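Structure first, then comments.
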Amino acid sequence: MTSLALLLVACTTDDGGLADTDLTSERTLDNCGGTVSADVPEPYATWFLCADVAVVDGYLNVYSSNLPPHPSPYYPTDSDNYVEFDTRTGEWHQNPNTIAAQELLLSIPLEPTAKGITVTEALVDVEAGTSDEEFRTDWQGVTVDGTALFAGVAAPGDDIMEEEYTFDVYEGHPQNTGVYHHHGTNPAAVAVAEAVGEPDVEFYGLMCDGTVVLGCDEPDGTAVDAADLDAQSGHVATLLGPDGTTWFTDRYHAHACDDFGRTLAPEIAYYSDGC
Ligand SMILES: [Zn+2]
Ligand SMILES: [Zn+2]
């Protein structure tokens, strides 16, 4: 019943992220659809693919069907996106879940308000449900390819480091209701960077509170001083795009990067709204 209801809702929208819930035809960055309203600013307007993006009352609304635009062993076997699981060095193994279309909806504040917290080691324990400052439990963030970006935590009793061994080669996997998601750095976002003509920019996505998730460098290529970063590799800075235009003014963002010992998305919401 639930999936039928979602499908009916999806079919009422314009062409774009939500409407395309076809699980069998091949889905790629070229054909995944998505619409961008005229008032959506950069970098969202250029970077969010496979989703419908609009500005509503000071929020960036992102809608998508949450279907990854690349091959995955987690697609149903009759899907053109289905591939066999790659065990890599033999340590990776498939989880029992299968990708399903969702109704992903995030309203992310365009001008978020800081809570005034400092993200300390004590807050960042890589386990869900241990702090009121964590991201909410449903859609926590969105990857630039329109798929879910989950916080860098595992459900209570699970180990995120163990979970990582069930990632497909795009560093994503579905949970038990078929919600495909990433937890941090991933080649799917790198493919978006290539598709928008900025292959050197590591822009992974946004968390629900407005926290930007980046890779090792700032978007304009500026190096990051590890001494500036908090316990989830975050700090506040004005971020320029690769062409020198301002992307975000004094914005908290996290650097998911091996160099800083952390490739996961953040765990703690720095801002007060949206999550
Ligand atoms: Zn997961
Ligand atoms: Zn930075």
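With θ taken as phi - 60° and the Karplus curve 6.51 cos²θ - 1.76 cosθ + 1.60 applied, the whole-hertz 3J(HN,Hα) list for the stretch 29-46 is 5, 7, 10, 6, x, x, 10, 10, 5, 4, 8, 6, x, 6, x, 4, 4, 7 Hz, x standing for glycine and proline. Other residues lying with their Cβ under 12 Å from the Cβ of residue 58 contribute a combined charge of -4, Lys and Arg counting +1, Asp and Glu -1. Given 169, 214, 46, which one lies farthest toward the positive end of the charge dipole of the chain, if we put +1 on the Cβ of every Lys and Arg and -1 on the Cβ of every Asp and Glu? About the Cα centre, the residue reaching furthest to the positive side is 46. For residue 108, the amide hydrogen comes within under 5 Å of the amide hydrogens of 60, 61, 62, counting only partners 5 or more places away or on other chains and with H modelled in the peptide plane. Converting phi to 3J(HN,Hα) with the Karplus coefficients 6.51, -1.76 and 1.60 and the offset θ = phi - 60°, the stretch 172-184 yields x, 7, x, 8, 6, 9, x, 7, 6, 7, 9, 10, x Hz in sequence order, with x at every glycine or proline.
Over every Cα atom in the stretch 17-152, the radius of gyration and the widest Cα-Cα span, Dmax, amount to 17.3, 49 Å.
Accessible surface for residue 272 stands near 70 Å², nearest 10, in the context of the full protein assembly shown (1.4 Å probe).
With a sphere of radius 10 Å drawn around the Cβ of residue 245, what net charge do the other residues whose Cβ falls strictly inside it have (Lys, Arg +1; Asp, Glu -1)? So the environment of residue 245 carries a net charge of -3. Of all GluC sites (Glu not before Pro) in the stretch 28-118, which ones are in loop regions per DSSP and have a Cβ with at most 11 other Cβ atoms within 10 Å? Qualifying residues, ordered by number: 84, 91. The overall shape of the stretch 135-175 is oblate: from the C-alpha gyration tensor, with semi-axes ordered a ≥ b ≥ c, the ratio a/c is 1.5 or greater and a/b is no larger than b/c.
Using the Cβ of residue 230 as centre and a radius below 12 Å, the other residues enclosed give a net charge of -2, where K and R count +1 and D and E count -1.
Distant-in-sequence amide contacts of residue 130, defined by a placed amide H-H separation under 5 Å and a gap of 5 or more residues or a different chain, comprise nothing. Ranked by the mean number of other Cβ atoms within 10 Å per residue, highest first, peptides 219-226, 75-82, 170-177 order as 170-177, 75-82, 219-226. Mean residue ellipticity at 222 nm, helices only, the chain: -2500 deg cm²/dmol; runs of at least 4 DSSP H residues each add -39,500 (n - 2.57), and the sum is divided by the number of residues. Pairwise Cα distances in the stretch 204-275 exceed 18 Å in 32 percent of cases. With unit charges on the beta carbon (Lys/Arg positive, Asp/Glu negative), name the residue among 180, 59, 246 whose Cα is farthest towards the positive pole of the charge dipole of the chain. Result: 59. Computed from the Kirkwood radius of its Cα pairs, the Stokes-Einstein diffusion coefficient for the chain at 25 °C and 0.890 mPa s stands at 131 µm²/s. Per-residue packing, averaged as other Cβ atoms within 10 Å, sorts the ranges 238-249, 135-146, 195-206 into the order 135-146, 195-206, 238-249, beginning with the highest. Each Lys and Arg Cβ is given +1 and each Asp and Glu Cβ -1; about its Cα centre, the stretch 59-177 then shows a dipole of about 380 debye. Phi angles of the stretch 136-151 translate, via the Karplus equation with coefficients 6.51, -1.76, 1.60 and θ = phi - 60°, into HN-Hα couplings of 4, 8, 8, 5, 9, x, 9, 7, 5, 9, x, 9, 5, 10, 8, 4 Hz per residue; Gly and Pro are given as x.
The values are calculated or read from the model by the stated rules, or taken from the named source; none is laboratory data. Keep in mind that what you see is a predicted model, and the values were worked out from it rather than measured. FYI the Cβ positions are ideal-geometry reconstructions off the backbone, even for glycines, and counts take in every protein chain you see. Accessible surface is based on the protein model in full, side chains and every heavy atom, while ligands, DNA and RNA are left aside. Shrake-Rupley method; radii C 1.70, N 1.55, O 1.52, S 1.80 Å.
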